[in-house]
1. How many residues are surrounded by 12 or more Cβ atoms within 10 Å (Cβ to Cβ) and touching a helix residue (DSSP H, G or I) at 6+ places or on another chain (Cβ under 8 Å) if we restrict to the stretch 192-212?
2. Tally time: how many residues in the stretch 38-86 are in contact with a His (Cβ under 8 Å, 6 or more places away or on another chain), open to solvent by less than 50 Å² (accessible area, probe 1.4 Å), outside any loop (DSSP other than H, G, I, E, B) and not hydrophobic (A, V, I, L, M, F, W, C)?
3. Looking at the stretch 252-276 only, could you name the residues that are free of Cβ contacts under 8 Å to residues at least 12 places away in the same chain and either of a type in the set (Gly, Ala, Ser) or in a helix (DSSP H, G or I) (or both)?
4. Identify, by number, the condition in (1) over 11 Å from the mean Cα position of the chain (by Cα); (2) buried (at least 20 other Cβ atoms within 10 Å of the Cβ); (3) within 20 Å of Thr86 (Cα to Cα); (4) touching a residue at least 40 places away in the same chain (Cβ under 8 Å) that Asn307 doesn't meet.
5. Of everything in the stretch 160-191, what is crowded, with 19+ Cβ neighbours inside 10 Å, among the hydroxyl-bearing types (Ser, Thr, Tyr) and not in a helix (DSSP H, G or I)? Give them in sequence order.
6. Would you confirm whether or not the stretch 152-159 contains a residue that is open to solvent by 50 Å² or more (accessible area, probe 1.4 Å), assigned to a helix (DSSP H, G or I) and among the acidic types (Asp, Glu)?
7. Among the residues of the stretch 119-151, what is the count of those that are open to solvent by less than 10 Å² (accessible area, probe 1.4 Å), touching a helix residue (DSSP H, G or I) at 6+ places or on another chain (Cβ under 6 Å) and part of a loop (DSSP other than H, G, I, E, B)?
8. Can you name every residue in the stretch 309-348 that is in a strand (DSSP E or B) and closer than 25 Å to Arg217 by Cβ?
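The values are calculated or read from the model by the stated rules, or taken from the named source; none is laboratory data. A quick note: this is a predicted structure, and the numbers were derived from the prediction, not measured. FYI the Cβ positions are ideal-geometry reconstructions off the backbone, even for glycines, and counts take in every protein chain you see. Surface accessibility is based on the protein's heavy atoms, side chains included, excluding ligands, DNA and RNA. Shrake-Rupley method; radii C 1.70, N 1.55, O 1.52, S 1.80 Å.
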Amino acid sequence: MKYVTPILFFALLGCKSVHPTHTQNVEHAITKNALQLLEDKRFHSVSIVVLKDGKSTIKHFGELTIGKGNKPNDSTLYELASVTKTFTGYIAAKAVLDQKINLDDDIRIYLNEPYPNLAFKGEPIRIKHLITHTSGFPNFPIKSENKKAFFEGLKLITIETKPGEKYSYSNTAPELTAYILEKVYQKSFEELVIEFILKPNTMNQTKFTLNENDRKRLVKGYNDKNEIMPNFNRTLWGGISGLHSTTTDLVKYMKLQLDPSNLIVNESHKKLYKEGSDFWEGYHWYIIEKDHQLMYRHHGGIYGMQNWFVIYPKENIGISILTNTSFNETAEILEKVVDQLYEDIKAN
């Protein structure tokens, strides 16, 4: 019997090398795709987060500062840019469940002035139009230097199509949504994000307002000419952009979005507007369902960094990819990386 144990021991070792662990498979898929991305010299660093069946894998590559070799890490703060809109969508979904707002509400009932211009032939803009980019609002606010100016800019808008009929991406609408949420809850939008999302999920490194130490960890990104770009300066509510986060906190956000028992998440994932045969808008989620695959995703792009955040509820997978580079084709390139990474993970 004394010879059996060593034989079994080495046999087990052999089995382990032949059959890589779940984590090793994911790590290999991340590394392969990250290194392929960095072959494009316009990219300097990339951080990738994968959550699969409750297990998270985070890996960092490249350098945050050209020529310094300073690889990002779990403490690195990235700007989430438009992925912030999914937080806005979550709070809007909560407000609907709390009966603070109704998706069919005319948005003007929450405004302090009449705004007769915010309608098309008598058809008002409703809450659901704000959160599905079907309001007819311009992409960027006409005035955005401060909140007072924002409302002055609303008076200058002309709605040229019936609300709810045409998708047109708008950064104006989510800011107005954030204002409405402030009004119905009587708290600042920043406080609502902290109270309803960040604190319950212990996302302590995700924040709008940064202290001095946070700013040292904040990524300074580049354009395709290797010029350092400024960080975003929030002048309005933060409904469109302004949140900063780390890879470890994004794991927690993935777990929240993959929780089937969370009623707010379920509400926020509802299909509110159909844009194509397999494409819908939810509460600031782009929902794609085809070939038995379901995904909720959002892209974030700001002056010097971009990211994709994608949830695959049927496979219990979440993927986030963040880079310190921003140029015209970045989103498309990163999207292909996410799609390939997903396929590689599934194949294992």
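1. 11
2. 9
3. Within the stretch 252-276, Ser261, Asn266, Gly276 qualify.
4. Only one criterion is unmet by Asn307, namely (1).
5. Scanning the stretch 160-191 gives a single hit, Ser170.
6. Yes, some residue in the stretch 152-159 is open to solvent by 50 Å² or more (accessible area, probe 1.4 Å), assigned to a helix (DSSP H, G or I) and among the acidic types (Asp, Glu).
7. Residues in the stretch 119-151 being open to solvent by less than 10 Å² (accessible area, probe 1.4 Å), touching a helix residue (DSSP H, G or I) at 6+ places or on another chain (Cβ under 6 Å) and part of a loop (DSSP other than H, G, I, E, B): 4 in total.
8. So the first thing to find is which residues in the stretch 309-348 are in a strand (DSSP E or B), and the list is 309-312, 317-323, 325.
Passing the criteria: Phe309, Val310, Gly318, Ile319, Ser320, Ile321, Leu322, Thr323, Thr325.
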